Each structure stands twice: as structure tokens, then as C-alpha cells.
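K.L.:
The structure's right below; bear with me while I get my questions together.
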Amino acid sequence: MNWDVIRWALRGFPALREKHGAFNSASTLLLMSAAAPDLPGVIYVTRGGGQGGRYRFSLIVSAGPCAVETENLIELAEAPLEEVFNALAAAKDYLDTLGGVLARLDTDQAILDAAGMYLNSPLFYFDESYRILAITRDVTFPHDAEWEHMLSEGYLSPENARRMQLRGDLDLLAAAREPVVYRSEIYPFPSVVVNIWLEDHFASRLNMLCVNAEPTPVMVFACGVVASHLLRNLGARAQRRVSGPLRGMLTDLLGGAELSDALIADRLRARPGWNGGFFRLFAADVRMRQDRQVASYYAGVLEELFPDGELLAVEAEGGLALIAHASEEDGFRRAEEKLAAFLRQQNMVCGESNSFRSLREAKGHYEQARTALRLGTESPLRPYRSHMLEQILSYIPRERASWLVSPDVGRLAEADRAGGLELSATLRAYLEHDRSLTRTAQALFIHKNTLLYRLGRIRELIECDLDDPDERLLLRLSFRLLDKQ
């Protein structure tokens with residue numbers, strides 16, 4: 001309970017005045033906001049002499065772990081001690097009961113459902129990208145367009161968000177560190193707004209719509225109680241930091257969230273040039289960096305390296321995700337060169353996805369980039385296209401690989417053991433060099449006539465038709481499966 005709640009609970013009692021200073025009267029009941037020395041956070045009655053032995057009764061209200069002082073003091077005129085205590089205890093019991101109910105719940109949705117029923121008000125909870133994380137389901141009000149939009153689409157409507165932005169309300173609310181009462185053009189009634197901060201970072205926001213009555217100090221404080229339990233969940237999830245709706249959207253997409261095309265289009269208003277063209281995702285793992293720099297540091301450095309908005313960086317999956325945009329599919333060369341130079345300078349590596357057109361495909365392409373990061377060894381910037389076949393083969397269990405190998409490969413292996421002509425290596429090189437006699441002979445360090453002789457022997461032994469592209473593909477896959485074994 002804060003001092004606003006205490007004053008609200010005492011509104012029915014005649015008060016002489018609020019005081020700021022030391023106790024100076026023995027004839028009235030004095031209330032003080034102070035830290036209870038034995039049990040912070042409770043309301044209790046002490047009997048005794050008070051300060052200097054001048055008081056018969058004192059009601060001490062604990063407002064948290066602060067030093068006992070008399071800066072917040074109300075002098076009540078002839079108020080019965082028991083009635084005053086009961087009034088304060090009722091307010092505290094209301095808030096404690098709410099906290100006790102929420103403490104047993106472990107999901108955002110369950111917390112909001114319970115809070116909505118207890119407070120008899122609709123609540124909704126959204127992240128920095130205005131995506132609804134939870135919204136009360138059993139406490140609704142009909143024929144409200146914005147509420148219906150949030151229920152059906154899962155985010156605040158772009159039109160209302162822009163109206164609030166133009167009014168300056170979003171910036172004003174974002175600065176609030178305590179629950180505030182907010183009135184807007186969107187709703188015909190006030191709402192209580194609580195920003196939820198995680199390590200000094202604005203992470204999400206809770207709104208309670210006061211449909212049934214004007215918000216009281218108890219209701220405002222109750223919203224803070226609800227927010228504290230949402231923060232508990234937020235900390236437990238170790239939610240990644242984001243900054244701005246566009247980054248929030250990308251973080252959601254990389255996490256596998258299903259976002260509507262309308263929401264994606266709205267968030268891309270921040271970068272109009274990204275409405276079209278191609279995207280590529282890059283993945284860098286900075287967890288093992290010896291310089292101990294975190295992903296957010298490298299995100300800032302890389303965005304400074306691309307001041308023209310070619311690249312956006314967010315923290316994801318314990319590492320760093322970068323998304324680049326180009327108007328044409330072959331337009332990533334400049335960004336790749338700059339990024340590769342940075343990686344070499346920092347002794348870092350990064351996986352690169354294939355190109356894609358829609359941000360709805362971001363999750364899968366981020367997995368491509370992470371796969372390339374894991375499998376690649378040849379350079380600081382590792383393209384996924386160089387490892388696609390390797391990943392496809394990784395889905396085949398090693399113990400089953402022999403079932404899929406062409407019998408022709410086995411026949412060549414037997415011939416090699418019998419005659420020592422290296423027919424298997426010859427066929428593999430021939431296929432890998434697109435059946436070029438010159439390049440195959442150079443790769444094997446043999447004369448072209450020797451190669452022609454070996455190919456003749458190969459055609460006699462195998463059943464596959466080397467002029468059939470499917471047959472050649474089967475043979476190449478068979479050689480790779482043998483490698484797997």
C-alpha cells in the first residue's frame with residue numbers, strides 16, 4: 001500500500017490536516033507512513049506512549065522498507081482507532097488477496113483472467129511491438145471495435161496506435177515508472193496503464209479499462225500488483241531485449257510467432273523501402289566471445305556499420321540475428337563484403353540464409369543461417385546454400401544409410417578391391433565435375449585416355465544410365481551416404 005491508498009481508505013474519517021513534521025499533539029489519533037521495524041509491509045496497532053511518551057494510541061502504517069519518519073502524516077479528528085484500523089485493513093486485505101490469487105498462477109493469460117474477474121474490469125497486456133500477450137477472456141464488453149480487433153487479430157490496431165503517437169501519448173506513457181490513469185479518444189472511459197520494465201528496459205505494458213467506475217487509488221495500486229506478477233513471468237522467460245515495434249516484430253517472428261500480414265505491413269511502415277524486394281538472415285553466436293561483449297553490443301556496432309538501413313539486428317536464441325534487405329536478389333554483395341570484413345576483423349563467424357521475399361518466412365530462414373553457422377568451416381561468412389545437401393542427408397539415420405546406397409556403388413567397390421583401378425573415385429570425380437573429361441582427369445592427376453578406359457569399365461559394371469540426370473543424382477547421393485557411414 002502506498003500513501004495514496006492510505007488516504008483513500010481514510011476518506012470517510014474527518015481529518016484536521018496533513019502534516020509534515022514531528023508529532024505535536026497528544027489529543028488526536030496520528031497516522032504515520034513508516035517502515036514497521038519487525039514486519040515491513042503490514043498494518044498494525046501499537047499501544048503505548050508514542051514518541052516521547054505522549055500518546056496513548058498510535059496506528060503505524062508500513063509503506064515499505066524506508067526509515068521511520070514523519071513526512072507523511074495525517075491528523076484525524078477523534079477517529080475511533082478500531083474503525084480506522086478496519087478501514088485500512090480492508091484495503092490491504094483486498095490487495096493481499098489479489099496478490100495471493102495471482103501468486104499461484106504461472107501464465108500471463110491465467111494472471112489476466114483472474115485479475116479481470118477480481119477487479120471486474122477488462123485488461124490487456126502487450127509487448128513493445130503492440131502484440132497482445134494476454135487479454136481477459138471472461139470479462140468483455142460488446143460492440144467495441146478496438147477490443148474486438150485485439151481479440152481477433154492479436155495486436156493493437158495500427159490506426160489507434162498512430163492516433164496515440166500523433167497525440168504524443170505513446171511517448172508520454174512510455175516514460176511512466178508508476179501506474180498512471182490515462183484518458184484517450186479511443187475509449188469513452190479511463191484506463192490504468194502500467195509499464196513493465198526488465199533491467200531498466202521497457203518490455204511490455206498492462207492496461208486496465210475502467211468500464212464500471214472511475215479508477216480509485218486502490219484500483220491503480222492493484223494494477224501494479226498485477227504487473228508485478230507479469231514481471232515475474234517475464235523475468236522467468238528471460239525475454240530478449242527489443243527496441244521499437246520493428247525489432248519487436250522480428251523477435252516475435254524468429255521465435256515462431258504467427259503474425260498477420262496486416263501487422264507485418266504496419267510494422268514495416270518504419271522502413272518503407274522494405275515493402276518488397278528480398279531479405280536474408282544472418283546468425284552469429286557471441287556467447288563464447290573472450291571479450292565478454294554481449295549480443296546487444298555487437299548489434300549496435302553492426303547497425304552503425306550499415307547507416308543506410310540495409311541491416312537490422314536483434315538478440316535471438318542466445319546469439320545475434322541480422323536481417324538485410326536488397327531490392328534485387330543479387331543485391332546483397334555489398335552488405336556481404338562489409339559484413340565479412342567486420343567478421344574477419346573481430347575474429348567472428350556468421351551463418352547466412354538463402355534469400356526470401358516475405359518476413360513470414362523469417363523463422364525458417366533463421367534456422368538456415370544457424371545451420372550454416374554450425375556446419376560451415378570455410379570462411380567467416382558461411383552461406384547456407386553450401387550446406388543444403390549436407391543438412392538433407394543429416395535427416396537420414398546413420399544405421400539406415402546403407403539401405404539407400406545404389407547397388408552400383410557396391411559393384412564398383414568390389415571391382416576396386418579386385419583390380420585396383422579406383423573406379424569408385426573415378427566415377428565420383430566424373431559426376432562432381434559435371435562429366436567434364438578435362439577437369440576430371442586434372443582432378444585425378446591421370447591422362448584423359450586413362451580416364452576414358454576407366455569410364456568404359458564403369459559403364460560395363462553398373463546398371464545406371466549416366467546420361468539420365470536422376471540416375472546421376474542417385475549415384476552422387478550414394479557416395480555422400482557412404483561418407484555418412
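Throughout, read-outs are computed from the coordinates displayed, never taken from laboratory work. For clarity, every value in this text was computed on a predicted model and none was experimentally measured. Cβ: placed from backbone, ideal geometry, glycine included. Neighbour counts: every protein chain shown.
K.L.:
Indicate the gyration tensor shape class of region 108-237 (rounded, prolate or oblate), computed on the Cα atoms with a ≥ b ≥ c the square roots of the eigenvalues: a/c under 1.5 is rounded; otherwise a/b larger than b/c is prolate and the rest oblate.
P.N.:
The shape class here is rounded.
K.L.:
Given points 7 Å out from each Cα along the Cα-Cβ axis, report the Ala262 to Tyr297 separation in nanometres with one decimal.
P.N.:
4.4
K.L.:
Can you check what the net charge comes to around Ala114, using other residues whose Cβ is under 15 Å from the Cβ of Ala114 (Lys, Arg +1; Asp, Glu -1)?
P.N.:
Net local charge, Ala114 excluded: -2.
K.L.:
Simple spin-label model, 7 Å along Cα-to-Cβ: Glu82 to Glu159 in nm?
P.N.:
If labels sit at Glu82 and Glu159, their model points lie 5.9 nm apart.
K.L.:
Now for a different question. Towards the positive end of the charge dipole of region 311-403, with charges on Cβ (+1 Lys, Arg; -1 Asp, Glu), say which of Trp403, Ala340, Val314 has the farthest Cα.
P.N.:
Looking along the dipole axis, the top candidate is Trp403.
K.L.:
Could you tally the net charge around Pro190, taking each other residue with its Cβ under 14 Å from the Cβ of Pro190, Lys/Arg +1 and Asp/Glu -1?
P.N.:
-2
K.L.:
Between Ala176 and Leu95, what length in nm is gained on full extension when 0.36 nm per residue of separation is reduced by their alpha carbon distance?
P.N.:
Between Ala176 and Leu95, full extension yields an extra 27.0 nm.
K.L.:
Aspartates and glutamates within cross-link reach of Lys338: Cα-Cα under 19 Å, excluding same-chain residues under 8 positions apart?
P.N.:
Asp285, Glu303, Glu304, Asp308, Glu310, Glu328, Glu329, Asp330, Glu352, Glu378
K.L.:
Could you size up the charge dipole of region 398-484 around its Cα centre, putting +1 on the beta carbon of Lys and Arg and -1 on that of Asp and Glu, and report it in debye to the nearest 20?
P.N.:
On the way: 15 positive and 15 negative charges, 68 e Å.
Approximately 320 debye in magnitude.
K.L.:
Which FRET efficiency value, to the nearest 0.05, is calculated for Asp434 and Ser402 with the Förster distance at 22 angstrom and r the Cβ-Cβ distance?
P.N.:
Values: r = 27 Å, r/R0 = 1.24.
After rounding to 0.05, the efficiency reads 0.20.
K.L.:
For His387, His229, what's the fewest-to-most ordering of other Cβ within 10 Å of each Cβ?
P.N.:
Neighbour counts put them in this order, fewest first: His387, His229.
K.L.:
Here is a follow-up. Excluding Gly410 itself, calculate the net charge of residues whose Cβ lies under 13 Å from the Cβ of Gly410, where each Lys or Arg counts +1 and each Asp or Glu counts -1.
P.N.:
Neighbour charge sum, excluding Gly410 itself: -2.
K.L.:
On to the next question. Just grab the label-to-label distance for Tyr395 and Arg232, each label 7 Å out from Cα along the Cβ direction, in nm (one decimal).
P.N.:
Each label point lies 7 Å from its Cα, and together they span 4.3 nm.
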